[in-house]
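Written out below as structure tokens is the structure these notes cover.
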Amino acid sequence: MFPNLCSCQRERLSDRLAELLEIFDKIAIGKHVSWGGALTGRRRIDWRSIARAFIAKSFYDLATTDLLIEMLRLQPTLRRICGFEMRRDIPSAATFSRVFKEFAETKLGDRVLDAMVKTHVGDKIVLHASTDATEIDARENGIVSVKGPVISKPAKKRGRPKKGEVRPPKEPTRIEQQLKETPQQSIAQLSRVCNWGTKTNSQGKKHTWKGYKTHITWADDNIPLAAITTSASVHDSQVAIPLIRTAAERARIIYDLMDAAYEAASIRKASEDLGHVPIIDPKPHNGALVWFAPAECERYKERTTAERGNSRLKDEFGARHVRVKGHAKVHMHILFGLITLFADQLLKPLGG
């Protein structure tokens, strides 16, 4: 990124700073961010430096922007790597917040992730694409769904129709309707407000949280291919079709691996229409257990990639420290962590 940086510094770059420098080079966020401010008037602020600072925030797993600003003030080398030459060049917390809002509204995170996948994955074959969702706790008021007025519908007749009787066709479910939509149309129909979500953990106990849910498709070696953030109450299956279609636009995938929450005929059909092989944990049918074929069982073990990726995103790249409010900002916060994790995985040895 900066060929002569080491020679310009008085002190030697630490291993951690050298790794951050390589991450900046892998992400190349400067290609997607322009200068901020006007040509005249108050001093211009380079938004590329602020974007790199947010990547550093995810890299160091900092909880707040105030901690990031303090770190930039105390570490001259980190400050110069991000692009702030002097301490007085570091923007205020209000400026960081304003620029972050602009990044969120222009969907910077999605554009950078899309470019990274196409650059670093490209035409390579992704053997296993593992899809899963992870909870995102938020610090904002959850919206409680309010039921509208009850609209009486004519009772459905039971049994077989009479001779000559024509009954209205059954309305398609949301998942069935998604088969006829583009990914963008399907995503637009999903709820994005902060509300309450409930899931059953691995011990069989229900867990409730307030906030959002991020649905991610992971390639082998914990490389994120696509991510969609929804309300916490949205079921995983509602996001599967637009998510795997978005991932398929960016990479060549062979197997789609999903747990039992994604067991639906429409999801299987969407995967097969893309030329993929769906391997979805089957639900018991009429009380009888359904087992994988031996080969599918071995393939399905690779789905732990999604669990490891979600765990790293939360424990190492800031997904547990969501302090912003609103869907767009929360999604941008998660995407900063995802693209930083992506670059970090590229620096690891194959299979690391």
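The values are calculated or read from the model by the stated rules, or taken from the named source; none is laboratory data. Everything numeric in this text was worked out from a predicted model, so none of it was measured. Counting neighbours? That spans all protein chains shown, and the Cβs are built from the backbone with ideal geometry, glycine included.
The set of residues from region 55-90 being assigned to a loop (DSSP other than H, G, I, E, B), small (Gly, Ala, Ser) and touching a residue at least 60 places away in the same chain (Cβ under 8 Å) comprises just one member, ALA63. Scanning region 95-111 for residues being aliphatic (A, V, I, L, M) and under 17 Å from ASP46 (Cβ atoms) gives a total of 2. Within region 283-292, one or more residues are at pLDDT below 95 and surrounded by 14 or more Cβ atoms within 10 Å (Cβ to Cβ).
In the set (1) buried (at least 17 other Cβ atoms within 10 Å of the Cβ); (2) modelled with pLDDT of 95 or more, the condition left unmet by CYS82 is number (2).
Would region 80-96 turn up any residue that is of a type in the set (Gly, Ala, Ser), under 20 Å from GLU19 (Cα atoms) and more than 16 Å from the chain's Cα centre (by Cα)? Looking through region 80-96, at least one residue is of a type in the set (Gly, Ala, Ser), under 20 Å from GLU19 (Cα atoms) and more than 16 Å from the chain's Cα centre (by Cα). The condition of being surrounded by 12 or more Cβ atoms within 10 Å (Cβ to Cβ), under 19 Å from ASP132 (Cα atoms) and within 23 Å of the chain's Cα centre (by Cα) holds for GLN178. Put simply, of THR230, THR198, THR214 the only residue that is touching a His at 6+ places or on another chain (Cβ under 9 Å), assigned to a strand (DSSP E or B), without any contact (Cβ under 8 Å) to a residue 40 or more places away in the chain and in the same structural domain as ILE253 (by TED's automatic domain parsing) is THR198.
Output yes when any residue across region 91-102 is in contact (Cβ under 8 Å) with a residue 40 or more places away in the chain and within 16 Å of LEU338 (Cβ to Cβ), and no when none is. Yes, there is a match, as at least one residue in region 91-102 is in contact (Cβ under 8 Å) with a residue 40 or more places away in the chain and within 16 Å of LEU338 (Cβ to Cβ). Only one of the numbered conditions (1) over 22 Å from ALA226 (Cβ atoms); (2) in a loop (DSSP other than H, G, I, E, B); (3) not basic (Lys, Arg) is not met by GLU181, and that is (1).
Looking only at residues that are among the aliphatic types (A, V, I, L, M) and touching a helix residue (DSSP H, G or I) at 6+ places or on another chain (Cβ under 9 Å) in region 191-237, which one is surrounded by the fewest Cβ atoms within 10 Å (Cβ to Cβ)? Result: VAL193.
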